[in-house]
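The values are calculated or read from the model by the stated rules, or taken from the named source; none is laboratory data. Source: prediction; values computed, not measured. In this analysis, Cβ positions are derived from the backbone assuming ideal geometry, glycine residues included, and neighbour counts consider all displayed protein chains.
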Amino acid sequence: MKFRSLLCAVVVCLLLVPAMAVAGAKYKKEYKMSVVVGPKLPWGAGATKFADLVRERTDGRINIKVYTSSSLMAGKQTNEFLIHRQGVAEFCFASTINWSTTIKPLNVFNLPFFFPDYKALDAVTQGDVGKDLTEMLKAKGVTVLAWGENGFREITNSKRAIKTPADLEGLKVRVVGTPIFIDTMKALGANPVNMNWGDAQVAFQQGVVDGQENPVVAIEIPVKIWQFHQYATIWRYVIDPLMLTVNNKAMASFTAEDQSIIRQAAVEAADEQRWIVRKGLIAPDLSALETLRQNGMEVVELDEKARSAFRAKTTAVYQKWTDVIGADLVKKAEAAIAASR
């Protein structure tokens, strides 16, 4: 009887070994993850955190290598969605801004002066709008695992303090190449200049470009923006959520257990990354703004009344891009923001 049991066990093992080998063969030695920024910024560090968690929790079965600084797309950030969809990069930690030129509804996050605070943003990404966008992207070949954040984009310049729309008149402001950003700056009377960040820093030094807009903790403090600009205005004109994503086919190639590990790691890494970029920017802790002041910058913080003047100047942009994004999606976002107040 014991011999028969032992023989059965051996047969079962022999049957299972080929099946396990086939399952293991489906996994690649390396999975690529695309990030458009460097590894030392909170955004890049969040991607590394995710890759590390997945590697540790799968005992090395899933080895994700993070490719930073847009290296997988030859520096052209707006190509990221395409290479992700094609599977060139199985994973991404991506900005909605960079994908919004291809996925138009993502421009909901680019609507000028739309999100008053982080609570409003969370209501949108974690609510029906977030679900709609997730379903939309899944239909195009990409699964959203978690929402991270680059932060509210605040403006700095070398000419003068910006307190009213009139203060922007004639200023040359470096912006990303997304059309809605250019429309917004023009509506406010500024001259938008699209250039990559490396060229922009040279342009600041030479006085060819006067200002720029970027998140404080995620970009401005790490690059020491005070080297170029004396004035900063906290106006929260646009928010920059990040999406931690995986190619659908790549995700389907993993076991159910490993898919669960990937999802949990994504949520943990994105939550930590989001907390880092908000730190020092939510009252009573405004230490990030104090860092700017301590380095010689004049910091203007706009209240809702002051922001309303800027919002009024960009009404035409809001209306134009609502049609591009989809009126129903914008209405859902408006309702979520109103409910969060």
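Inside the stretch 266-283, can you point out the residues that are of a type in the set (D, E, K, R) and either out of contact with any helix residue (DSSP H, G or I) (no Cβ under 9 Å at 6 or more places or on another chain) or not in a loop (DSSP other than H, G, I, E, B) (or both)?
Step one: of the stretch 266-283, the residues of a type in the set (D, E, K, R) are 268, 271-272, 274, 278-279.
Residues satisfying the conditions are Glu268, Asp271, Glu272, Arg274, Arg278.
Name the residues in the stretch 62-73 that are over 17 Å from Val176 (Cβ atoms) and at pLDDT below 95, would you? Let's see the steps before the verdict.
First, pick out the residues of the stretch 62-73 that are over 17 Å from Val176 (Cβ atoms): 62-68, 71-72.
Within the stretch 62-73, Thr68, Ser71, Leu72 qualify.
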Review point. Within the stretch 284-306, which residues are crowded, with 17+ Cβ neighbours inside 10 Å and in a helix (DSSP H, G or I)?
Key: Ala288, Leu289, Thr291, Leu292
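Before we move on, is Gln259 touching a helix residue (DSSP H, G or I) at 6+ places or on another chain (Cβ under 8 Å), farther than 23 Å from Gly127 by Cβ and without any contact (Cβ under 8 Å) to a residue 40 or more places away in the chain?
Numbers: touching a helix residue (DSSP H, G or I) at 6+ places or on another chain (Cβ under 8 Å): yes; farther than 23 Å from Gly127 by Cβ: yes; without any contact (Cβ under 8 Å) to a residue 40 or more places away in the chain: yes.
Yes; evaluated as a whole, the condition is true for this residue.
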Revision key, fill the gap. Exception for Lys76 within (1) under 19 Å from Val246 (Cβ atoms); (2) without any contact (Cβ under 8 Å) to a residue 24 or more places away in the chain falls at (1)
Review point. How many residues does the stretch 226-260 contain that are of a type in the set (A, V, I, L, M, F, W, C), crowded, with 17+ Cβ neighbours inside 10 Å, more than 22 Å from the chain's Cα centre (by Cα) and in a helix (DSSP H, G or I)?
Key: 1
Exercise for review: Go through (1) at pLDDT 95 or above; (2) buried (at least 20 other Cβ atoms within 10 Å of the Cβ) and name the single condition Asp128 misses.
Suggested key: (2)
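Yes or no: Ala123 small (Gly, Ala, Ser), over 24 Å from Gly44 (Cα atoms) and surrounded by 18 or more Cβ atoms within 10 Å (Cβ to Cβ)? Don't jump to the end; show me each part of the working.
Values: small (Gly, Ala, Ser): yes; over 24 Å from Gly44 (Cα atoms): yes; surrounded by 18 or more Cβ atoms within 10 Å (Cβ to Cβ): yes.
So Ala123 fits the description; yes.
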Practice item. Working only within the stretch 40-68, note down all residues that are in a loop (DSSP other than H, G, I, E, B) and either in contact (Cβ under 8 Å) with a residue 40 or more places away in the chain or farther than 15 Å from Asn150 by Cβ (or both). Key: Lys40, Leu41, Thr58, Asp59, Gly60, Arg61, Ile62, Asn63
Review point. Residue check, Ser71 against (1) more than 30 Å from Ala316 (Cα to Cα); (2) touching a Leu at 6+ places or on another chain (Cβ under 7 Å); (3) among the polar types (S, T, N, Q), all met but one. Which one?
Key: (2)
Point to revise | Per-region count, the stretch 154-206, residues more than 20 Å from Tyr318 (Cβ to Cβ), surrounded by 21 or more Cβ atoms within 10 Å (Cβ to Cβ) and hydroxyl-bearing (Ser, Thr, Tyr) | key: 1
